[in-house]
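Peer 1: If you scroll down you'll find the structure; I have some questions about it.
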Amino acid sequence: MMRVCHLDTCPVGVATQNPELRKRYTGKPEFVENFFWFIAEEVREHLAELGFRTLDEAIGHAELIDGDQAVENWKAQGIDLTPLFTVPDVPEGAPTDRIRTRVQDHGLDKALDRTLMQLAEGALSDATPVRLEMPIRNVNRTVGTLTGAEVTRRYGKDGLPDDTIHVEFHGSAGQSFGAFLPPGLTLDLVGDANDYLAKGLSGGRVIARPDDRAPFAGDADERHVIAGNVIAYGATAGEVFLRGQVGERFCVRNSGALAVVEGTGDHACEYMTGGRVVVLGSTGRNLGAGMSGGIAFVHDLPEIRVNTEMVSLDAVDDEDAAWLRGVVERHRDLTGSPRAATLLGDWEAAVRRFTKVMPDDFRRVLDATQRAQAEGRDPDEVIMEVAAGG
């Protein structure tokens with residue numbers, strides 16, 4: 001209700017780690033436990049009315065559902081729910097189980113990561129750098145995740161040295177390519193990818209670029225789609241370089257990763273709290289909605305496509321321009337991007353066409369930090385003053 005959950009100033013002590021505010025919270029874990037006891041008791045009463053002793057006995061008995069009250073409502077007049085509630089006749093000899101009676105086989109033993117881990121055992125054992133090349137198909141989902149989990153198990157959150165395991169894939173990657181990738185892993189995709197590429201990226205690097213044999217690969221406009229929706233969702237660290245456009249909700253909830261792309265759909269940078277995003281081409285509407293942290297740099301950005309409720313649009317200063325040029329050069333070197341090469345060919349003109357998308361709250365925090373350093377005070381103390389309206 002207060003809309004300040006992201007400011008660490010929750011007045012009732014829920015969404016905060018501030019000990020002074022935490023003291024205001026009167027809840028106890030036992031309250032939740034007691035609530036669920038009441039739920040369990042009420043469920044038992046409903047089951048008893050229906051003539052069942054357990055939930056397993058009740059599952060699947062759609063004939064006991066009474067939908068009359070729902071369809072009598074004026075909003076649902078004319079809706080026939082019979083197809084939903086009809087219990088099918090089961091042929092003699094066919095399974096009649098209505099609940100899970102056997103463990104589901106997720107096929108993880110056949111995952112592409114099993115092969116990847118075998119080939120990269122040297123790197124996993126003693127951090128010896130390894131370079132691999134492998135085919136990939138869109139049935140191969142979450143590629144890199146099991147390998148990344150093994151790296152984390154052996155080396156902790158710091159992972160391996162940068163680019164210790166470098167894998168070049170050829171083909172079309174399935175969903176969640178490079179999800180949760182820790183430091184030390186680089187997945188370089190030559191082809192295209194599905195949704196959720198680099199989801200939860202945690203320090204690794206994901207690159208996607210078209211095959212040079214593709215008819216559009218040399219197109220400097222780079223209007224082709226290289227990956228799907230919700231790229232780098234919830235990323236906390238690492239890098240993403242995508243030569244081409246992506247779908248909607250690019251970098252939603254990104255909190256620490258660097259992501260470079262050549263075009264996005266709607267709702268890019270939604271709910272971002274950290275990290276940096278560079279868009280070298282067009283973007284859809286509603287950019288920056290709920291964006292409370294991080295910074296985005298967008299080329300030729302129409303203001304009408306930005307949700308300015310929480311962000312402001314600035315020109316790129318000299319410090320930003322130097323950083324931005326380094327990032328665009330890396331994007332060109334890693335992906336062979338004609339788009340990046342074109343921008344760098346006349347950088348003085350290109351950089352003036354970038355817009356800096358800056359969250360208002362983040363700006364206040366940066367200003368408070370600089371003020372604290374100038375005054376020789378604790379930055380956290382000054383930030384708390386700003387958050388409280390000081």
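Please treat every number below as a calculation from the coordinates, not as lab data. As the structure is a prediction and not an experimental result, all values here were calculated from the model. FYI the Cβ positions are ideal-geometry reconstructions off the backbone, even for glycines, and counts take in every protein chain you see.
Peer 1: Rounded, prolate or oblate: pick one for segment 180-300, where a ≥ b ≥ c are the square roots of the eigenvalues of its C-alpha gyration tensor, a/c under 1.5 means rounded, and failing that, prolate if a/b is larger than b/c, else oblate.
Peer 2: On the way: a/c = 2.02, a/b = 1.22, b/c = 1.66.
Taking the square roots of the gyration eigenvalues as a ≥ b ≥ c, segment 180-300 is oblate.
Peer 1: Give the average over all directions of the projected area of the C-alpha convex hull of segment 271-311, one decimal, in nm². Could you put the intermediate results ahead of the total?
Peer 2: On the way: hull surface 10.0 nm².
Mean projected area of the Cα convex hull: 2.5 nm².
Peer 1: Need one number for segment 195-375: average projected area of the convex hull over its C-alpha atoms, nm². Don't skip to the answer; put the middle values down first.
Peer 2: On the way: hull surface 39.1 nm².
Its Cα hull, projected and averaged over all orientations, spans 9.8 nm².
Peer 1: Which of the DSSP-defined H helices in the chain satisfy a minimum axial length of 18 Å, computed from C-alpha atoms, and a minimum mean Kyte-Doolittle hydropathy of -1.0?
Peer 2: In the chain, the long hydrophobic H runs are 29-50, 318-335.
Peer 1: If you project the alpha carbons of the chain onto their three principal axes, what span does each projection cover, largest first, in Å?
Peer 2: Principal axes ranked by extent give 77, 58, 52 Å for the Cα atoms.
Peer 1: Highest first, please rank the peptides 57-67, 282-292 by the mean number of other Cβ atoms sitting within 10 Å of their residues.
Peer 2: Top of the packing list down: 282-292, 57-67.
Peer 1: Going by C-beta contacts inside 10 Å, put THR186, THR369, THR101 in order with the fewest on the left.
Peer 2: Listing THR186, THR369, THR101 from fewest to most nearby Cβ atoms yields THR101, THR369, THR186.
Peer 1: Taking the Cα atoms of segment 298-372, what is the range of coordinates along each of the three principal axes, in descending order and whole Å?
Peer 2: Sorted from largest, the Cα extents of segment 298-372 read 40, 32, 21 Å.
Peer 1: Return the Rg/Rh ratio of segment 166-225 with Cα-based radii and a Kirkwood Rh.
Peer 2: Values: Rg = 12.1 Å, Rh = 12.0 Å.
The Rg/Rh ratio comes out at 1.01.
Peer 1: Related question: Taking neighbour Cβ counts within 10 Å as the exposure measure, how do LYS199, LYS356 sort from fewest upward?
Peer 2: So the residues, fewest neighbours to most, are LYS356, LYS199.
Peer 1: Could you identify which residue out of LEU47, LEU124, LEU189 has the top mean-square fluctuation in a GNM of the chain using Cα springs shorter than 10 Å?
Peer 2: LEU47
Peer 1: Could you please rank TYR25, TYR155, TYR271, placing first whichever residue has the fewest other Cβ atoms within 10 Å of its Cβ?
Peer 2: Result, fewest neighbours first: TYR25, TYR155, TYR271.
Peer 1: Restricting things to Cα coordinates, could you compute the convex hull volume per residue of segment 226-291 in Å³?
Peer 2: 54 Å³
Peer 1: Using Cα positions and a limit of under 26 Å, work out the lysines in reach of LYS199, with same-chain residues fewer than 8 apart set aside.
Peer 2: Partners found: LYS110, LYS157, LYS356.
Peer 1: Would you mind telling me which residue in ARG154, ARG213, ARG243 has the biggest mean-square fluctuation in a Gaussian network model of the chain, where springs connect alpha carbons within a distance under 10 angstrom?
Peer 2: In the Gaussian network model the winner is ARG213.
Peer 1: Who wins for biggest fluctuation among GLY13, GLY203, GLY247 in a Gaussian network model of the chain, springs between alpha carbons below 10 Å?
Peer 2: In the Gaussian network model the winner is GLY13.
Peer 1: According to the square roots a ≥ b ≥ c of the eigenvalues of the Cα gyration tensor, what is the shape class of segment 13-81, taking rounded for a/c under 1.5, prolate for a/b larger than b/c otherwise, and oblate for the remainder? The partial results should precede the final answer.
Peer 2: Working: a/c = 4.28, a/b = 1.83, b/c = 2.33.
Taking the square roots of the gyration eigenvalues as a ≥ b ≥ c, segment 13-81 is oblate.
Peer 1: So what's the gap between the Cα centers of segment 41-117 and segment 300-368, to the nearest angstrom?
Peer 2: Cα centres, segment 41-117 to segment 300-368: 51 Å.
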